[in-house]
Structures are given as structure tokens and as C-alpha cells.
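Written below as C-alpha cells is the structure these notes are about.
The values are calculated or read from the model by the stated rules, or taken from the named source; none is laboratory data. Not measured: the values here are computed from a predicted model. Cβ coordinates were reconstructed from backbone atoms using ideal geometry, including for glycine residues, and neighbour counts include every protein chain displayed. SASA here: full protein model, heavy atoms, side chains in, ligands and nucleic acids out. Shrake-Rupley method; radii C 1.70, N 1.55, O 1.52, S 1.80 Å.
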Amino acid sequence: MSRATTTVSTLVIFVLALNLRPAVTSLGAALPDISVAGGLVAAVLVALPLWAIGLGGWATPWLCSRVGTHRTVTVALIGLVLSLAGRVLGGSVELLVGTALACLSIAVLGTMLPLLAQGSAAFTFGLGVGSTAGALVTPTAIMTSSWRVALGVWATTALLAQQVWQRTPGEFVSPRTAPGTVRASALTIHFGLISTVTFLVMGWLPGILRSAGVPSTTAGACLALSMAMGLPMMWLVPGWTRRWRNQTALVVILATPNVIGVTGLLLAPAAAPWVWAAATGTGMGALAFVLTTISLRSKDSSVALSAVVQGVGYVIAGFGVLLCGWLHTGTGGWRTPLMLVLAVLPGQMVSGHIAVFRRAPAPAPAPASATTPPLAVHPQDDAPEVAA
């Protein structure tokens with residue numbers, strides 16, 4: 001592939017990745033101001049994207065095998081445009097259905113992108129920029145217009161991506177059938193626990209801070225800060241994932257900021273909201289790690305690995321997020337849900353360790369007729385291995 005083609009492909013990946021999170025982060029930023037999203041509806045709205053993304057991820061391999069890579073992405077983008085525009089045109093039912101359809105489209109797009117990006121930081125960085133934009137722009141749009149405009153405006157970003165994709169030649173290699181089996185269970189659990197924490201931050205951080213007495217404008221700005229702090233991590237972590245030999249250490253380091261941020265939100269949310277927001281944002285580098293790991297492991301695999309890890313992982317996260325929402329509704333506070341999140345974080349570290357731990361290869365038996373076994377040189381891959 002020529003240098004010019006690589007540059008165009010990188011830019012296209014970035015534009016596509018911009019659309020993976022604004023539908024969710026804009027909803028989290030606007031949730032306290034949405035008149036049709038009270039009580040249980042709000043809890044469902046935070047969990048619904050995860051279930052929809054999980055279900056859509058399972059359907060992606062089938063769709064890709066029927067219509068091909070380029071048309072699959074096109075269908076996802078058109079669906080995203082229509083659902084983002086339609087979910088603000090009515091009441092709670094339209095909001096729920098539109099959000100579900102938007103996230104189904106995001107699922108297809110998000111399942112394909114790790115394969116198209118092949119470990120490029122343009123994917124995770126674009127995802128981070130989209131997350132930040134959704135959190136930063138939405139509160140301003142609400143103050144100047146309404147929550148409907150603030151949510152509906154993101155349909156234009158999806159439309160722009162669709163137009164860019166339509167003008168992109170089919171240069172990307174279609175995913176191929178996996179040559180062997182890959183045990184993805186630990187990676188799937190790791191992804192699910194990371195997504196639980198990530199979507200709780202995106203969906204509930206402003207509400208947690210406002211419940212503690214933090215002004216609404218400050219709470220919205222803290223969400224924007226959290227998303228912004230994830231940007232350098234989304235750019236740096238893919239390179240770290242390739243180069244670090246001790247992958248377990250990287251898993252622990254990436255989970256530690258979330259431990260700090262969630263502990264602060266639990267014990268003293270109003271004391272240093274900017275610090276807790278910055279910490280939870282930095283912890284989003286864990287998401288870049290697992291998405292890059294999917295990309296690296298899928299170089300010679302089918303889209304099935306991405307579909308399984310993201311599909312099942314998002315469903316796991318959906319139940320975790322909904323449980324936290326129910327606990328908040330039932331207790332009237334955030335102490336119990338945040339304690340649950342703290343319990344999730346050690347599980348994130350353990351599952352990550354199992355997923356990336358390198359077992360030493362068994363020594364080869366010496367030839368029966370040789371007195372001195374021959375030396376063997378084993379080439380080392382630059383991509384981390386998922387534990388078999």
C-alpha cells in the first residue's frame with residue numbers, strides 16, 4: 001500500500017471512529033435535562049446502548065459475509081443518521097427506540113473498525129475525540145437551544161462520515177477466516193468489565209456530581225474533562241500495547257486511575273470533582289488497550305473475534321450498568337453503585353492478566369541420537385498474545 005493510500009485510509013478510519021461515542025456521551029451529558037427521561041427510563045437509557053451494541057456486534061459477521069465490508073459500513077452509517085435524527089422527534093418511546101437503533105448501527109461500525117484499522121491509533125484516538133465532543137458540545141447546545149437539538153445535531157456528523165465513506169474506494173482487505181482457535185473468554189470478560197466502568201462514567205458522572213451539590217455547569221464540564229483526559233491515552237496506548245513485553249503490568253497501570261477516581265467519587269465527590277473526573281478519563285486508556293489487542297489478534301482472523309469480544313462484552317456491561325442504575329433508584333444515592341464499581345475493577349485486572357499472560361513454551365525433547373541438542377531460535381512477534 002502506497003504512502004498516499006495509507007494516509008487516506010488513516011483519515012477515513014479517524015472520521016468513522018468519531019461516530020462511535022457521541023450518541024452515548026451526548027445522552028449522558030443531556031440526561032439530567034431530558035424531560036421525558038425520568039426514573040427508570042434514565043437507568044434503561046444508560047444500559048440500553050450496551051445491550052444494543054452487543055446484539056449488533058453478533059450480527060456483524062453475518063452481514064459482512066452477505067454484502068461485503070464496504071456495504072456493511074455504509075448500512076451502519078445510514079442507520080446511524082436516521083436513528084439519531086429520529087430519536088429526538090417524540091417522547092420516551094421514540095428516545096428509547098432511536099437510541100437502540102443508533103447503537104445497533106454503532107455496533108456494526110465498531111465491530112468492523114478494529115479489523116479495518118489493524119492496530120492504528122487513528123481508531124482509538126477518533127473514538128476518544130468523538131467521546132469528548134459529545135460531552136463538551138452537548139451542554140452548550142442545551143443552554144442555547146434544547147436537549148432535542150443538542151442530541152439531534154450528531155446526525156450531521158454521521159452524515160458527513162457516510163459521505164466520506166461513499167467516496168472511499170474499497171481498498172481495505174476483507175476479514176479472513178481464522179486459521180485456528182483463539183480462546184477469547186478472558187478477553188471478553190476483560191472488555192465487558194472495562195465497558196461497565198467506561199459507560200458508567202459517560203452516563204452517570206454529571207448526575208453523581210450534581211447529587212453531591214456540584215453545580216450543573218461544573219458537572220458537565222467535569223464530564224468533558226474526563227473525556228478529554230482519555231484523548232492522549234487513546235493515542236498512546238496502542239503503541240504501548242505493541243511494545244510492552246509485560247502486558248500484565250500495563251493492564252494494572254491502566255486500571256489504577258479508575259480506582260483512584262471511583263474511590264474519590266465514593267468518599268468525597270464534591271471535594272475535588274476535577275481530580276476524580278481526570279482520573280476516570282485517564283482510566284479510559286484500558287479501552288484502547290483491549291481494542292488494540294483485538295486488532296492485533298485479528299490480523300489473520302475473521303471478524304468473529306471482534307464480534308464475540310465486543311458483542312458478549314457489551315451485554316455483560318449492560319447488566320452491570322443497569323444494576324448500578326437500579327441500585328441508585330432503590331437507595332436514592334450513589335454510594336452502593338460506586339461500591340459495586342470498585343468491586344468490578346479488581347476483576348478487570350485479573351481478567352486482563354489472564355487474557356494477555358504469556359506462558360513459557362514447553363521445551364522441545366532432545367533427539368535420541370544426539371549428545372548435544374541443537375540450538376533453536378524462536379522469532380518473537382510484536383503483537384501481544386491472548387492466552388490460549
- Label point at VAL97 placed 7 Å out along Cα→Cβ; residues across region 64-91 whose backbone nitrogen lies under 17 Å: 79-91
- For region 222-365: accessible area per residue (Å², 1.4 Å): 40
- Query: Using θ = phi - 60° and the Karplus form 6.51 cos²θ - 1.76 cosθ + 1.60, what ³J(HN,Hα) does each residue of region 90-101 get, whole Hz, x for Gly and Pro?
  - Reply: x, x, 5, 5, 4, 5, 5, 5, x, 5, 4, 5
- Any chance you could list the semi-axes, whole Å, largest first, of the equivalent ellipsoid that the Cα gyration tensor gives for region 258-354, using √(5λ)? 29, 17, 10
- Carbon and sulfur atoms: what percent of the 1.4 Å accessible area of region 290-349 do they account for? 71
- Query: Hey, can you rank 204-215, 339-350 by average C-beta count inside 10 Å, highest first?
  - Reply: 204-215, 339-350
- Subtract the Cα-Cα distance of GLN166 and ALA270 from 0.36 nm times their separation in residues, and report this length gain in nm to one decimal. 32.7 nm
- For PHE319, PHE199, PHE125, the accessible-area ranking with a 1.4 Å probe, largest leading, is PHE319, PHE125, PHE199
- Query: Which three lengths, in whole Å and largest first, does region 125-168 cover when its Cα atoms are put on their principal axes?
  - Reply: 37, 21, 10
- Message: As a test of the definition: which semi-axes, in Å, follow for region 215-311 when you take the square root of five times each eigenvalue of its alpha carbon gyration tensor? Largest first, please.
- Response: 30, 14, 11
- Query: Given just the C-alpha atoms of region 9-166, how large is their convex hull per residue in cubic angstrom?
  - Reply: 96
